[in-house]
Amino acid sequence: MTSQLTEIDHVAIAVNDLDAAIAWYEAVFGAEVVHREIVESDGVDEALVKVAESYIQLLTPTRDDSPVAKYLAKNGEGLHHIAYRVDDCAKALEAVKASGARVIDEAPRPGSRGTTVAFVHPKSSFGTLIELVEESR
Ligand code: CO
């Protein structure tokens, strides 16, 4: 059986000050932000820092009721989720559901930069919020 997980798409880090986090990655590592986007539906402002074929996704909330705002209030800054790249988000999500795991998204939905995504509940995935990311083609 071939793995459905083809790459680490991104590792997401929740931060209080997005500009400060970007400036730190640029100054310390010479890292490059290749994408900025406000995703209104998720209530987040994000920056993607390129690392080889993957990204570090720096995330900050755009409103108090966003899940990331709640996360920051509860946990402070830090690792928020890990995103695995898959060829077929719907297929991967079905496999998750077939395993009996809890999902946050019952069906794939639009993510940032034109991707299709779905989240798996961390209670079912060993304490890690997982995002499945299918690149647009
Ligand atoms: Co993500």
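Extension gain Val39-Arg63, at 0.36 nm per residue separation less the Cα-Cα distance, in nm?
Numbers: separation 24, 0.36 × 24 = 8.64 nm, distance 1.12 nm.
Between Val39 and Arg63, full extension yields 7.5 nm more.
Per residue and in cubic angstrom, what volume does the convex hull of the Cα atoms of segment 44-97 have?
Working: hull volume 6.2 nm³, N = 54.
Considering the Cα atoms of segment 44-97, their hull volume per residue is 115 Å³.
When only C-alpha pairs under 8 Å and at least 6 residues apart count, what is the relative contact order of the chain, in percent? Don't skip to the answer; put the middle values down first.
Working: 283 pairs, mean separation 33.4, N = 137.
Relative contact order, the chain: 24 percent.
For segment 5-134, with only Lys/Arg (+1) and Asp/Glu (-1) charged at the beta-carbon, what is the dipole magnitude about the Cα centre, in debye rounded to 20? Show your work: numbers first, answer last.
On the way: 12 positive and 22 negative charges, 94 e Å.
Charge dipole of segment 5-134: 440 debye, to the nearest 20.
Quick one: among Ala118, Ala101, Ala83, which has the greatest mean-square fluctuation in a GNM of the chain with alpha-carbon springs under 10 angstrom?
Result: Ala101 has the largest fluctuation of those listed.
In Å², and per residue, what accessible area does segment 5-134 have when probed at 1.4 Å with the other protein chains present?
On the way: 6800 Å² over 130 residues.
Accessible area per residue, segment 5-134: 52 Å².
Take peptides 26-34, 61-69 and line them up by average Cβ neighbours within 10 Å, highest first, as a rough protection proxy. Mind showing how you got there, number by number?
Numbers: 26-34: 11.2, 61-69: 15.7.
Highest-to-lowest ranking by the protection proxy: 61-69, 26-34.
From the protein chains alone at 1.4 Å, what is the descending order of accessible area for Lys50, Lys123, largest first?
Details: Lys50 85, Lys123 165 Å².
Heavy-atom accessible area, descending, gives Lys123, Lys50.
Whenever you get a sec, compute what percent of the accessible area on segment 5-134 sits on carbon and sulfur atoms (1.4 Å probe).
Working: 3700 of 6800 Å².
For segment 5-134, the apolar C and S fraction of the accessible surface comes to 54 percent.
The values are calculated or read from the model by the stated rules, or taken from the named source; none is laboratory data. Computed from a predicted model, the values in this text were never measured in an experiment. A quick note on method: Cβ atoms are made from the backbone with ideal geometry, for glycine too, and the neighbour counts reach across all protein chains shown. What goes into the accessible areas is simple: the full protein's heavy atoms, side chains included, and nothing from ligands, DNA or RNA. Shrake-Rupley method; radii C 1.70, N 1.55, O 1.52, S 1.80 Å.
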